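Comments concern the structure below.
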Amino acid sequence: RNGSSDYTGDVYIYGCVLPYENGVFPYGDRKGNLYLYGDLSIAKNVGVNFHINGLFGDGYIYQEGGITATLTIGDGNADGNFEGSFGTGAGSNFQLKKVGSGIQRFANGIAQKLDLEIQGGTLQIDGNVNLDNRYSIQVRNGATLAGCGTLLASGGSQVVINDGSVLAPGSAEKPNVPMTIAKNISFG
């Protein structure tokens, strides 16, 4: 869990992993996807910036809070379909970023205490996102937010659809289910 690895290919997690540094999982030109069927836990006082290609599986990603931790998904223009969930602890500083030109689907709920930034490709949210107070969803120029989830921004939180980005309600996996955005939404 401490330091870079040099293996390539896909990673399958069936137990619990508590990594302390980026480079633990292959990404980018190492051409691996992460298949999470267990837990990926990020310790409270560990400031890490993980990169992965596509995210698959039905596991659980949890950040305890404290120091900022970032998980960047979509390197190598990978696609993914994650049917698991995300969780955060008190005082969380968790940032989730979608990059690359691929499509990443989140079938289930996302934690309340995280910032979500879609920098490239498509993030399809088919579960619920209930943003707590100071957190936000940012859809950057050239990126797409899709799906049939419910996005609830409460307090000072907001969903921001920037100029040049796309909002694409709907899901092939759940036809005829609408996307719901409640409360604070901003169009650039």
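The values are calculated or read from the model by the stated rules, or taken from the named source; none is laboratory data. These numbers were taken from a predicted model, which means no experiment stands behind them. Don't worry about glycine lacking a Cβ; one is built from the backbone with ideal geometry, like all the others, and counts go over all protein chains shown. Only protein heavy atoms, including side chains, enter the accessible area calculation; ligands, DNA and RNA are left aside. Shrake-Rupley method; radii C 1.70, N 1.55, O 1.52, S 1.80 Å.
For segment 149-160, the candidate set comprises residues that are open to solvent by 10 Å² or more (accessible area, probe 1.4 Å) and within 17 Å of the chain's Cα centre (by Cα); within that set, the residue that is farthest from GLY87 (Cα to Cα) is VAL160.
All told, ILE61 falls short of being at negative phi, of a type in the set (A, V, I, L, M) and either part of a loop (DSSP other than H, G, I, E, B) or open to solvent by 30 Å² or more (accessible area, probe 1.4 Å) (or both).
Here ARG134 does not qualify as among the basic types (Lys, Arg) and in contact with a strand residue (DSSP E or B) (Cβ under 6 Å, 6 or more places away or on another chain).
Yes/no matrix, rows are residues, columns are (1) under 23 Å from LYS31 (Cα atoms); (2) out of contact with any Leu (no Cβ under 6 Å at 6 or more places or on another chain):
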site: LEU55; (1), (2): yes, no
site: THR70; (1), (2): yes, yes
site: PHE94; (1), (2): no, no
site: ALA111; (1), (2): no, yes
site: LEU114; (1), (2): no, no
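Consider GLN119 carefully, then state whether it is in contact (Cβ under 8 Å) with a residue 24 or more places away in the chain, open to solvent by 30 Å² or more (accessible area, probe 1.4 Å) and more than 29 Å from TYR20 (Cα to Cα). Answer is no for this residue.
Within segment 64-74, restricting attention to residues that are open to solvent by less than 30 Å² (accessible area, probe 1.4 Å) and assigned to a loop (DSSP other than H, G, I, E, B), which residue is nearest to ASN130 (Cα to Cα)?
Restricting to residues being open to solvent by less than 30 Å² (accessible area, probe 1.4 Å) and assigned to a loop (DSSP other than H, G, I, E, B), the top hit is GLY65.
Anything in segment 122-137 that is surrounded by 18 or more Cβ atoms within 10 Å (Cβ to Cβ) and closer than 20 Å to SER171 by Cα? List them, or say none. Passing the criteria: THR122, LEU123, GLN124, ILE125, ASP126, GLY127, VAL129, ILE137. The set of residues in segment 31-42 being surrounded by fewer than 18 Cβ atoms within 10 Å (Cβ to Cβ) and either at negative phi or hydroxyl-bearing (Ser, Thr, Tyr) (or both) consists of TYR37, GLY38, ASP39, SER41.
Condition first: at pLDDT 80 or above and in a loop (DSSP other than H, G, I, E, B). Now tell me which residues in segment 28-45 satisfy that.
GLY32, ASN33, TYR37, GLY38
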